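What follows is a set of notes on a single structure, which appears directly below.
Bear in mind that the values in this text are calculations on the coordinates, not laboratory data. Nothing here was measured: the structure is a model prediction, and the numbers come from that model. Methodologically, a virtual Cβ is constructed for each residue, glycine included, from the backbone with ideal geometry; neighbour enumeration extends over all protein chains shown.
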Amino acid sequence: MKKGFALLLAVAFTTLTMGGCVTSQSSAVPRMRMTTAIPESIIVPDKIETRLGTLEFFDGFPSKKTAQTMHDYLYFHRAVDVFLDEMSAASIYARMELYAVHLSSAGTVL
């Protein structure tokens, strides 16, 4: 009798456990009342094609390769920015040097 009862308990437990698994897999995730829909305009796509190459994202976060590509681009962009900003100072310095050479050849002391 004890063996039959133990077998009945095992079968009932297995049935309930498996039934719960099947039910949880087939049912959709319920939508809560306080859930806010995310607008399509702010969702980051998984891949973006740019002139730098393909940028890949997972849940809005860049992959390591994408992050490295963007850092390299930012460093390059900053170097170009500094070069263009300092070009005017170099031009002014070259004009001052030329002016000094011109005046010294004319015999004028600065």
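Please compute the length gained on full extension between residue 78 and residue 61, using 0.36 nm multiplied by the number of residues separating them and subtracting their Cα-Cα distance.
3.8 nm
Projecting the Cα atoms of 71, 104, 93 onto the charge dipole of the range 64-110, computed from C-beta unit charges around the Cα centre, puts 71 farthest toward the positive end. What you get for the range 23-105, charging only the Cβ of Lys and Arg (+1) and of Asp and Glu (-1), is a dipole of about 340 debye around the Cα centre.
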